[in-house]
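Here's the structure, in structure tokens; my notes come after.
Since every read-out is calculated from the coordinates, none of them should be taken as a lab result. Note that this is a predicted model, so its numbers are computed, not measured. Virtual Cβ from ideal backbone geometry, glycine too; neighbours counted across all protein chains shown.
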């Protein structure tokens, strides 16, 4: 009977309580695929899986059309799993160490330009839900928050006087991010409406019209609807506001390290994708402004 079963995977996932739910779900899926491969290859224990077999697993997935980005995440999950097994003295080696995945060309994130971002957030808010939505969109664009970070904000996360939001990001890491004056104004307006929408001492900053912490799905739907109402022709999703925030800050300041800190990226290589966007902006300016740059 094969002994590299789901038990060790379940224990490993349970140890990742500090990570976001979606991250844990992705790790579970990735390791389940690896487990299926081990069963197909009659690999009896986690100790038996070696680098050659794991390389074959990654190659097979690549031939099946799995992208390099997905394979990188897959391999990251396997590395973390084997570190857990090593610490528990279940295995003596990590077969994922030293393995690399096929590179995938970096896809540049879609962004709104400054005028489009302004068009989106300038909502003529009258009813409580519209006031709340305006505050959400202003804050996401003002401070570059991830959607998961936004919905998990509590009342104590916002310091109105100092215009700072305290965010718990990936890996349970806390960072403080400035909040712009338009976002502060929108949040103040929302706080006046918020008390009428809850029946308890709920800590959540943003709540639904049912009086509960607002969900990720609700924010996605509301943003999509407001983008259409505000006359934007492009599909707008929450992460686009974060991308737009980063791009506009970098275009104005050129300070990549500052953008890294504001976004909460652990590795600056993650932030460097925005340098490509910034270069595109500079290239457009050059092409439009330089008399010898125009191409037929």
- What list do you get for 139, 34 if you sort them by fewest beta carbons within 10 Å? 34, 139
- Taking N as the number of residues in the chain, what value does Rg over Cα atoms divided by 2.2 N^0.38 Å take? 1.20
- Task: When you have a sec, figure out the Kirkwood radius of the stretch 6-87 from all distinct Cα pair distances and drop it here in Å to one decimal?
- Result: 13.1
- Sorted on mean Cβ neighbours within 10 Å (highest first), peptides 200-212, 235-247, 121-133 come out as 235-247, 121-133, 200-212
- Message: Going by average Cβ density within 10 Å per residue, which order do the peptides 253-262, 69-78 take, highest to lowest?
- Response: 69-78, 253-262
- Note on the structure: Proxy exposure order for 198, 158, 136 (fewest C-beta within 10 Å first) is 198, 158, 136
- What is the Cα centroid distance between the stretch 208-243 and the stretch 135-152, reported in whole angstrom? 11
